[in-house]
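Here's the structure, in structure tokens; my notes come after.
The values are calculated or read from the model by the stated rules, or taken from the named source; none is laboratory data. The structure presented is a predicted model; accordingly, all values stated were derived computationally and were not measured. As a convention, Cβ positions derive from the backbone with ideal geometry for all residues, glycine included, and neighbour counts pool all protein chains shown. Surface accessibility is based on the protein's heavy atoms, side chains included, excluding ligands, DNA and RNA. Shrake-Rupley method; radii C 1.70, N 1.55, O 1.52, S 1.80 Å.
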Amino acid sequence: MGLDDRDALQVLHAAFDGEAQSDADGLVGQFYARWFALDVALRDLFPPDMAGQRAAFAHALHWVYGELVAQRAQSPVAFLAQLGRDHRKYGVIPKHYETLRRALYSTLRDRLSDAWTDAVDEAARQSLNLITGVMSGAADADEGPAWWDGTVIEHLRVSRDLAVVRLQLDRPLHYHPGQYVNVAVPQCPRRWRYLTPAIPPEDSGAIEFHVRAVTGGLVSTAIVGETRPGDRWRLSSPHGGMHVDRDGGDVLMVAGSTGLAPLRSIVMDLARFGQNPRVHLFFGGRYPCELYDLPTLWQIAAHNPWLSVSPVSDYAGDPAWAADYLDVTPPRGLHVRQTGRLPDVVTRYGGWGDRQILICGGPDMVRATKAALIAKGAPPEHIQHDPLHS
């Protein structure tokens, strides 16, 4: 049955679930070791520390197999095509996908051992043919550039671990508001990190990112603490399908910290139109001082009556170090700031079941907010978020 056999696909889906996928001894770690053994030149294309790469690839495959189990092929095919185009930035070319398929197949077969039945074997062969075929075909067919280079023109430290970075690209990058890109910075060669543009695409090549330093995150820490004007960055092709259907009814947006960036980009794009669905944006942070972009949101809301903004902070007051940074309190007129956990504050208003729902932020916040909304009655199919945060 292959791709029609949900039970066999579930076995493959479960193989990527609940494992420390950043561990070199895990399934994905063993896959990369086997792949690099088949083609030793591949190792030089990837970062020295593979933990982030392993985790991202594991999350991607877990999501893809989950969609295949649910017999939803359209979304994973589109995602895999984006992934294949994006992998060109590493220097991966179509011939590498054959060794990738062989390495992943043999690793799955060895790891699943007694669970490896004829049905699982057929599902693995067909699914891996689909995964590598779509990725390779999309990469081979893409005539656009494999990456875009740009120069940092402004770096603003807006809070202790938050920065706004503006670049001028050598050539425009065409993306849809809400999409994200992979970024490499000179301080961390070959270490790529997903960032989302905070403004709609500009024909001039201008682009802006909002970055929060993550504990243990080499790239995010370097961007916040070490980036300077003149630095040269490299960006990959865009991913993601988060969007607002202007004919699809009113919208709820929930942004945690720099998860604001994609929603801000979408809101700015909507502001080009005279008529829009109503949009209610909840913007959350730990402290009031970390709601770094409230003045900009206030300006947009002041000129666009369809937009409402509700600031939310975990704590009512600011820490002592807040005095070292600009006051982000907006002028009067924006919704009164509320205190509490973002999922709790959002669901005090109900389940928002009649809205298009977009959630952006850290994985824990996304999962908690999605679960809280579903518990209140919001249909899961109304909720959009980054698939890597599943």
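Looking at Ala138, Ala184, which is the one that is open to solvent by less than 30 Å² (accessible area, probe 1.4 Å), touching a strand residue (DSSP E or B) at 6+ places or on another chain (Cβ under 9 Å) and more than 26 Å from Ala271 (Cβ to Cβ)?
Ala184
Do we find a residue being farther than 22 Å from Gly284 by Cα, in contact with a strand residue (DSSP E or B) (Cβ under 6 Å, 6 or more places away or on another chain), without any contact (Cβ under 8 Å) to a residue 40 or more places away in the chain and not in a loop (DSSP other than H, G, I, E, B) anywhere in region 212-227? Yes - at least one qualifying residue is present in region 212-227.
Does Asp203 meet the test of being in a helix (DSSP H, G or I) and farther than 25 Å from Met50 by Cβ?
Details: in a helix (DSSP H, G or I): no; farther than 25 Å from Met50 by Cβ: yes.
Against the criterion (in a helix (DSSP H, G or I) and farther than 25 Å from Met50 by Cβ), Asp203 does not qualify.
Select, from Asp250, Asp269, the only residue that is open to solvent by 10 Å² or more (accessible area, probe 1.4 Å) and within 19 Å of Trp352 (Cβ to Cβ). Walk me through how you get there before you give the answer.
Numbers: Asp269 fails: within 19 Å of Trp352 (Cβ to Cβ).
None of the others qualify; the one that does is Asp250.
Scanning region 194-206 for residues that are open to solvent by 20 Å² or more (accessible area, probe 1.4 Å) and touching a residue at least 60 places away in the same chain (Cβ under 8 Å) yields Tyr194, Thr196, Ile199, Pro200. Could you tell me whether region 304-315 includes any residue that is touching a residue at least 60 places away in the same chain (Cβ under 8 Å) and either of a type outside the set (Ser, Thr, Tyr) or not in a strand (DSSP E or B) (or both)? There is no residue in region 304-315 that is touching a residue at least 60 places away in the same chain (Cβ under 8 Å) and either of a type outside the set (Ser, Thr, Tyr) or not in a strand (DSSP E or B) (or both).
Within region 327-342, restricting attention to residues that are in contact (Cβ under 8 Å) with a residue 40 or more places away in the chain and open to solvent by 80 Å² or more (accessible area, probe 1.4 Å), the residue that is farthest from Gly361 (Cα to Cα) is Thr329. Listed by first and then second residue, the pairs with beta-carbon distance under 6 Å, at least 6 apart or on different chains, first residue in region 242-265 and farther than 8 Å from Pro277 by Cβ, second basic (Lys, Arg) and in a loop (DSSP other than H, G, I, E, B), are Leu252/Arg355.
Filter region 145-179 for residues that are assigned to a loop (DSSP other than H, G, I, E, B) and open to solvent by 30 Å² or more (accessible area, probe 1.4 Å); which is nearest to Ser265 (Cα to Cα)?
Applying the first criterion (assigned to a loop (DSSP other than H, G, I, E, B)) to region 145-179 yields 145-147, 160-161, 170-179.
So of that shortlist, the ones also open to solvent by 30 Å² or more (accessible area, probe 1.4 Å) come out as 145, 147, 160, 170-172, 174, 176.
Numbers: Pro145: 23, Trp147: 21, Arg160: 23, Asp170: 21, Arg171: 20, Pro172: 16, His174: 13, His176: 9 Å.
Among residues in region 145-179 that are assigned to a loop (DSSP other than H, G, I, E, B) and open to solvent by 30 Å² or more (accessible area, probe 1.4 Å), the one nearest to Ser265 (Cα to Cα) is His176.
Sub-7 Å Cβ pairs linking a first residue in region 131-155 that is within 25 Å of Arg102 (Cα to Cα) and of a type in the set (Gly, Ala, Ser) to a second residue that is open to solvent by 40 Å² or more (accessible area, probe 1.4 Å) and assigned to a loop (DSSP other than H, G, I, E, B), at least 6 apart or interchain, are Ser136/Pro94; Ala139/Pro94, ordered by first then second residue.
Return yes or no: is Thr99 closer than 19 Å to Gly2 by Cα, in a helix (DSSP H, G or I), touching a residue at least 60 places away in the same chain (Cβ under 8 Å) and β-branched (Val, Ile, Thr)? Break it down stepwise before answering.
Details: closer than 19 Å to Gly2 by Cα: no; in a helix (DSSP H, G or I): yes; touching a residue at least 60 places away in the same chain (Cβ under 8 Å): yes; β-branched (Val, Ile, Thr): yes.
The answer is no for Thr99.
Is it the case that Arg54 is of a type in the set (D, E, K, R), in a helix (DSSP H, G or I) and over 18 Å from the mean Cα position of the chain (by Cα)? Judged against the criteria, Arg54 is not a match. Can you pull out the residues in region 286-314 that are open to solvent by 40 Å² or more (accessible area, probe 1.4 Å) and either in the same structural domain as His210 (by the TED database) or in contact with a Pro (Cβ under 8 Å, 6 or more places away or on another chain) (or both)? Scanning region 286-314 gives Tyr287, Pro295, Trp298.
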